[in-house]
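The values are calculated or read from the model by the stated rules, or taken from the named source; none is laboratory data. Remember, it's a predicted structure, so these values are computed and weren't measured experimentally. Virtual Cβ from ideal backbone geometry, glycine too; neighbours counted across all protein chains shown.
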Amino acid sequence: MTIPSNWHENFFHGVSLDLWRKAISPKQTKDEADFLIKVLQCDAGSHLLDVPCGNGRLSFELASRGYHVTGMDISKEFIQEAMSRLSPPADAGGTDKTLANSAPANSELEFVLGNMRKITGEAIYGGAYCFGNSFGFLAYSDMESFLGGVARALKPGARFVVETGMAAESALTKFETEASHQIEDILLTIKEQYLAEESCIDTEYVFERNGQSESRLAKHWIYTTAEIRRMLERAGFEVLSLYGSLKFEPFLLGSDELFVIARRV
């Protein structure tokens, strides 16, 4: 497989987004929002940055609890879906009306189509988070641009929360060259190879649904927990805590996820 470093710019559309919508339950979204509210430690009404935000599942949940949220994502399809929940067209059909009715009333929500490497603005947000296992989509220099942009956009003392299942201590301890998962009507087969000289995992995702098969390629850079800490510190953060679950369990070798709580210095 030859996978370009900007693979994520063209990956997130169609069936890959359908799978993501099916894979995340409303309960998980609520549990993640509960966790974020506890660790961000900012009052309702604070302005939060959700990057990348996908279709805004966490943005809408946090807005329903009184927060002002700006969501950024590179997927035009997901941003359009999120924006349709804010201002559906006058002749919207049943689906759009249902989505619109699920949006929190009088909420302060905005969505931006953009690249996470190019976050602009200074001292705007009272908190930020990067969920959805997207930390590591970028090579090292681009990760520095991303983290530097988040740091500049946060107010001093504001917190930034990172969630990833792809820290080295998680991903490499359970690495499989091939695995399959049935998610409702989609069969997903994942074929992976670890490139030790680059510290990244190259992946082919094969989606099968209704007799149709579609393949997408992805690359995920693998950083150790210590590397993540050093990247954050160089960007202007102080790492406060590391957790291995939404239940605040300690992060250990083999933990499924890493949650990093950092503060803008």
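Each row is one residue, and each column tells you yes or no for (1) surrounded by 17 or more Cβ atoms within 10 Å (Cβ to Cβ); (2) in a loop (DSSP other than H, G, I, E, B); (3) at pLDDT 95 or above; (4) touching a helix residue (DSSP H, G or I) at 6+ places or on another chain (Cβ under 9 Å).
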site: Val161; (1), (2), (3), (4): yes, no, yes, yes
site: Ala171; (1), (2), (3), (4): yes, no, yes, no
site: His181; (1), (2), (3), (4): no, no, yes, yes
site: Glu204; (1), (2), (3), (4): no, no, yes, no
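Please work out which residue is surrounded by the most Cβ atoms within 10 Å (Cβ to Cβ), limiting yourself to the range 210-256 and to residues that are charged (D, E, K, R) and part of a strand (DSSP E or B). Going through the qualifying residues, I end up with Lys219. Consider the range 10-60 and keep the residues that are charged (D, E, K, R) and in contact with a strand residue (DSSP E or B) (Cβ under 7 Å, 6 or more places away or on another chain). The one that is nearest to Glu122 (Cα to Cα) is Asp50. Restricting attention to the range 72-85, the residues that are of a type in the set (Gly, Ala, Ser) and either touching a Pro at 6+ places or on another chain (Cβ under 8 Å) or more than 24 Å from Ser46 (Cβ to Cβ) (or both) add up to 2.
State whether one or more residues within the range 66-78 are closer than 20 Å to Ile261 by Cβ, at pLDDT 95 or above and either buried (at least 18 other Cβ atoms within 10 Å of the Cβ) or not polar (S, T, N, Q) (or both).
Yes, the range 66-78 contains a residue that is closer than 20 Å to Ile261 by Cβ, at pLDDT 95 or above and either buried (at least 18 other Cβ atoms within 10 Å of the Cβ) or not polar (S, T, N, Q) (or both).
Across the range 212-232, the qualifying residues are those that are more than 16 Å from Gly136 (Cβ to Cβ) and touching a residue at least 12 places away in the same chain (Cβ under 8 Å), and the one among them that is farthest from the chain's Cα centre (by Cα) is Glu214. If you go through the range 29-44 one residue at a time, do you hit one that is small (Gly, Ala, Ser), surrounded by fewer than 19 Cβ atoms within 10 Å (Cβ to Cβ) and in contact (Cβ under 8 Å) with a residue 24 or more places away in the chain? Checked the range 29-44: no residue is small (Gly, Ala, Ser), surrounded by fewer than 19 Cβ atoms within 10 Å (Cβ to Cβ) and in contact (Cβ under 8 Å) with a residue 24 or more places away in the chain.
State the number of residues belonging to the range 120-153 that are in a loop (DSSP other than H, G, I, E, B), hydrophobic (A, V, I, L, M, F, W, C) and more than 17 Å from the chain's Cα centre (by Cα). Before you say what the answer is, go through the steps one by one.
Residues of the range 120-153 in a loop (DSSP other than H, G, I, E, B): 120-124, 131-139.
Those left that are additionally hydrophobic (A, V, I, L, M, F, W, C): 123-124, 131, 135, 137-139.
Among the residues that remain, those that are also more than 17 Å from the chain's Cα centre (by Cα) are: 123-124.
Final tally of qualifying residues: 2.
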